[in-house]
Amino acid sequence: MIGYYHENATVNYLAPVIESWFLAATANNPFIREWQKHYAPIKHLGEQNYFSELTKRDDYSLLTQKIAQPQQQLGSLAQQIAMREHRRVNLYLRKCEANAYYYQRLSGWKSEAFAHAVLFHQRPLTPPPVIKLSGNEQLHLDFNLRLGNYNRGSLLGQMMQTPAPIALASPINKARA
């Protein structure tokens, strides 16, 4: 399985806290099936009751590791249960704080500061390959982009530019060649 892990939330690197917004796995992956099996009860129990059941587990403190607000990270808790029960997992994970959450980390996890960084600061020479957006960040970006409120040299400003058309060889030049 390929994805990202959350280093700030991970204590046990043999069972890293995996981000669920970006995953790649083979069809019918046994670990993904196990994860879904442990997350499925939320449909019938609801979020509060599901979380309450998880807190009763003897291994609850091992499941939460350093997850901030575990009651809001129920998918991560289900992932941790699956990781403990399905021990043979082949993972290729990248640290999300190093790239996907790079701008959030730089802006102190404040969505307004994040939006300002990608809209107005000069584009870095090597931007992160993936940038994860939360709902609040999307709202800030959408609002500013609709108004045309961005620096043309910023990361998003450069992405908003229409690329110059590629000049194709004219048929006349081809005939002469």
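The values are calculated or read from the model by the stated rules, or taken from the named source; none is laboratory data. Every value quoted in this text rests on a predicted model; they were computed, and no experiment measured them. Here the Cβ positions follow ideal geometry from the backbone for every residue, glycine too, while neighbour counts run over all protein chains shown.
The residues of the range 75-116 that are out of contact with any Leu (no Cβ under 6 Å at 6 or more places or on another chain) and among the small types (Gly, Ala, Ser), listed by number, are 75, 76, 78, 82, 98, 100, 107, 108, 111, 113. Restricting attention to the range 89-106, the residues being over 12 Å from residue 132 (Cα atoms) and touching a residue at least 24 places away in the same chain (Cβ under 8 Å) number 7. When residue 24 is tested against the conditions (1) surrounded by 15 or more Cβ atoms within 10 Å (Cβ to Cβ); (2) within 27 Å of residue 156 (Cα to Cα), the lone failure is (1).
Within the range 61-70, the set of residues being at negative phi and either touching a Lys or Arg at 6+ places or on another chain (Cβ under 8 Å) or surrounded by fewer than 15 Cβ atoms within 10 Å (Cβ to Cβ) (or both) comprises 61, 62, 63, 66, 68. Only a single item in (1) at negative phi; (2) assigned by TED's automatic domain parsing to the domain that holds residue 137; (3) not in a helix (DSSP H, G or I) is not met by residue 112, and it is number (3). Within the set 154, 76, the sole residue that is outside the structural domain of residue 52 (by TED's automatic domain parsing), in contact with a helix residue (DSSP H, G or I) (Cβ under 9 Å, 6 or more places away or on another chain) and crowded, with 17+ Cβ neighbours inside 10 Å turns out to be 154.
Test residue 89 against the criterion of being surrounded by 12 or more Cβ atoms within 10 Å (Cβ to Cβ), part of a loop (DSSP other than H, G, I, E, B) and modelled with pLDDT under 95, and give yes or no. Judged against the criteria, residue 89 is a match.
Do any helices (runs of 4 or more DSSP H) lying entirely in the range 10-86 carry at least 3 residues that are touching a residue at least 40 places away in the same chain (Cβ under 8 Å), and which ones are they? Step through it out loud before you land on a result.
Working: elements: 30-39, 42-45, 47-55, 60-64, 74-85.
In the range 10-86, 30-39, 74-85 are the helices (runs of 4 or more DSSP H) which contain 3 or more residues that are touching a residue at least 40 places away in the same chain (Cβ under 8 Å).
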